[in-house]
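The values are calculated or read from the model by the stated rules, or taken from the named source; none is laboratory data. Predicted model only: the values in this text are computed from it and were never measured. Positions of Cβ are backbone-derived with ideal geometry, glycine not excepted, and every protein chain shown enters the neighbour counts.
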Amino acid sequence: MSTNDEPRGIARASLALIVLVLLAWVAVPTRAQRAASVASRREVIAGVPHDATSEEVLVLLPSGAHAPGSLSVIVALHGRGEAVRGPSRGARGWLDDYALEAAFAALSRGRVTSADVAQMASEAQLRSMTRALHAHPFRDVAVVMPYTPDFMEEMPGSAAIEAYGRWLTDVMLPTVRRSLPALTAEPRRTAIDGVSLGGMVALEVGLRRTDAFASVGGIQPAVRGRVAAYGALASSATSCLRLASSDRDPFLRVTRELSAAWRARGITHELVEYVGPHAYSFNRGPGSIELLRFHHACFAR
């Protein structure tokens, strides 16, 4: 190579090296992807009877083998945006739209960062979550995700919501447990929770079916017009009870009113408030983290 060719040769070699580095970077999964692949796996339970049809139910559970009955269960109900998409797409809301696997990975590594909650939690909240994870590492939890119909126009105690609650407890959960024997059948290790529409339905079903759920929550729950009814539903039979909202949640005021109604009746519960909107960005941040962290803490008691 001549002296004049040397700079061009060096430039070509440098360019080739940069390309190789970029290709390697693209090929390597992100930390969240690596953690999720190790921490969890998806299962699809097909053909679950529902009225005259059958539905798919999705389950997220820790990777690896598990002894029968060793996994606690969280039934997670999605919001109205997924309800209008129909059963096959709606049931995937927590996984495809709310980043539940990333939340699963965050809790599995034992530390929740500001990035995990999309900068919508305070430093004090993050420290509290991490301390709790150090005391009780996140493990042995499965999340069961059925389709939730649009019950927004239904009144509390309606026949439609009552029938859906019976389907959850008497058909859906037994079917999933037969398919995945690692899931517990113990009510004290079974929770129900949801976001927005799903939070409203989870509260109503969970508070009425204390024989099936010992842990009940609602995340940004759509409880407008339901405070009096839900205020009267809560009882000491629910050992763990939580409401979660945020400063730009349109349901923040009524969520606080429901919390006040429970306090007036001496009902022990948590009211957790984050910053952020009533939107997918919240669901992908505090929403999925909150779903897991609260009920895992209840199961550890």
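Matching residues to (1) in a helix (DSSP H, G or I); (2) of a type in the set (A, V, I, L, M):
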| site | (1), (2) |
| --- | --- |
| Gly157 | no, no |
| Ala185 | no, yes |
| Arg188 | yes, no |
| Asp193 | no, no |
| Val201 | yes, yes |
| Ala212 | no, yes |
| Gly218 | no, no |
| Gly225 | no, no |
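Do any residues in segment 243-270 that are closer than 21 Å to Ser281 by Cα have Cβ atoms under 9 Å from those of residues that are of a type in the set (Ser, Thr, Tyr) and assigned to a helix (DSSP H, G or I), where the two are at least six apart or on different chains, and which pairs are they?
Leu243/Thr255; Leu243/Ser259; Ala244/Thr255; Ser245/Thr255; Asp249/Thr255
Can you spot a residue in segment 230-237 that is in contact (Cβ under 8 Å) with a residue 40 or more places away in the chain, more than 23 Å from Arg188 (Cβ to Cβ) and of a type in the set (A, V, I, L, M, F, W, C)?
no
Name the one entry in Leu133, Leu173 that is hydrophobic (A, V, I, L, M, F, W, C), more than 29 Å from Glu273 (Cβ to Cβ) and either assigned to a strand (DSSP E or B) or in contact with a Leu (Cβ under 9 Å, 6 or more places away or on another chain) (or both).
Values: Leu133 fails: more than 29 Å from Glu273 (Cβ to Cβ).
Among Leu133, Leu173, only Leu173 is hydrophobic (A, V, I, L, M, F, W, C), more than 29 Å from Glu273 (Cβ to Cβ) and either assigned to a strand (DSSP E or B) or in contact with a Leu (Cβ under 9 Å, 6 or more places away or on another chain) (or both).
Picking from Arg139, Arg177, Arg166, Arg188, which residue would you name as being farther than 18 Å from Tyr280 by Cα, in contact with a strand residue (DSSP E or B) (Cβ under 6 Å, 6 or more places away or on another chain) and of a type in the set (Lys, Arg)?
Numbers: Arg139 fails: in contact with a strand residue (DSSP E or B) (Cβ under 6 Å, 6 or more places away or on another chain); Arg166 fails: in contact with a strand residue (DSSP E or B) (Cβ under 6 Å, 6 or more places away or on another chain); Arg188 fails: in contact with a strand residue (DSSP E or B) (Cβ under 6 Å, 6 or more places away or on another chain).
Result: Arg177 is the single residue among Arg139, Arg177, Arg166, Arg188 that is farther than 18 Å from Tyr280 by Cα, in contact with a strand residue (DSSP E or B) (Cβ under 6 Å, 6 or more places away or on another chain) and of a type in the set (Lys, Arg).
Restricting segment 122-141 to residues that are in contact with a His (Cβ under 9 Å, 6 or more places away or on another chain) and not charged (D, E, K, R), which is surrounded by the fewest Cβ atoms within 10 Å (Cβ to Cβ)? I'd like the intermediate steps shown before the answer.
Let us first name the residues in segment 122-141 that are in contact with a His (Cβ under 9 Å, 6 or more places away or on another chain), namely 132-133, 136, 138-141.
Subsequent filtering for residues that are not charged (D, E, K, R) retains 132-133, 136, 138, 141.
Details: Ala132: 18, Leu133: 20, His136: 13, Phe138: 23, Val141: 22.
My answer is His136.
What single numbered condition from (1) of a type in the set (Gly, Ala, Ser); (2) buried (at least 18 other Cβ atoms within 10 Å of the Cβ); (3) at pLDDT below 95 fails to hold for Gly47?
With respect to (1) of a type in the set (Gly, Ala, Ser); (2) buried (at least 18 other Cβ atoms within 10 Å of the Cβ); (3) at pLDDT below 95, Gly47 is out only on (2).
With respect to Glu270, determine if the residue is in contact with a strand residue (DSSP E or B) (Cβ under 8 Å, 6 or more places away or on another chain) and not aromatic (Phe, Trp, Tyr).
Working: in contact with a strand residue (DSSP E or B) (Cβ under 8 Å, 6 or more places away or on another chain): yes; not aromatic (Phe, Trp, Tyr): yes.
The answer is yes for Glu270.
Working carefully through the options Ser88, Ser40, find the one that is at pLDDT below 95 and closer than 30 Å to Ser128 by Cβ.
Details: Ser88 fails: closer than 30 Å to Ser128 by Cβ.
Within the list Ser88, Ser40, the selection yields Ser40.
Would you be able to say whether some residue in segment 230-238 is assigned to a strand (DSSP E or B) and surrounded by fewer than 16 Cβ atoms within 10 Å (Cβ to Cβ)? Walk me through how you get there before you give the answer.
Here is the first cut: in segment 230-238, the ones assigned to a strand (DSSP E or B) are none.
Among the residues of segment 230-238, not one is assigned to a strand (DSSP E or B) and surrounded by fewer than 16 Cβ atoms within 10 Å (Cβ to Cβ), which makes the answer no.
Got a sec? Which of Ala142, Ala103 is part of a helix (DSSP H, G or I), among the small types (Gly, Ala, Ser) and within 25 Å of Cys240 (Cα to Cα)? Even if it seems obvious, please write down each step before you answer.
On the way: Ala142 fails: part of a helix (DSSP H, G or I).
One residue alone meets the criteria, Ala103.
One line per residue, one yes/no per condition, for (1) closer than 19 Å to Phe104 by Cα; (2) at pLDDT 95 or above; (3) hydroxyl-bearing (Ser, Thr, Tyr):
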site	(1), (2), (3)
Glu123	no, yes, no
Met129	yes, yes, no
Ala135	yes, yes, no
Asp140	yes, yes, no
Pro146	yes, yes, no
Pro149	no, yes, no
Glu162	no, yes, no
Thr175	no, yes, yes
Arg178	no, yes, no
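Considering every residue within segment 172-192, establish whether at least one is surrounded by fewer than 18 Cβ atoms within 10 Å (Cβ to Cβ) and free of Cβ contacts under 8 Å to residues at least 24 places away in the same chain.
Yes: segment 172-192 contains one or more residues that are surrounded by fewer than 18 Cβ atoms within 10 Å (Cβ to Cβ) and free of Cβ contacts under 8 Å to residues at least 24 places away in the same chain.
Here is a check on your reading of the model: is Glu101 among the acidic types (Asp, Glu), more than 11 Å from Arg293 (Cβ to Cβ) and either modelled with pLDDT under 95 or in contact with a helix residue (DSSP H, G or I) (Cβ under 8 Å, 6 or more places away or on another chain) (or both)?
Values: among the acidic types (Asp, Glu): yes; more than 11 Å from Arg293 (Cβ to Cβ): yes; either modelled with pLDDT under 95 or in contact with a helix residue (DSSP H, G or I) (Cβ under 8 Å, 6 or more places away or on another chain) (or both): yes.
Taking the combined requirement at face value, the residue satisfies it.
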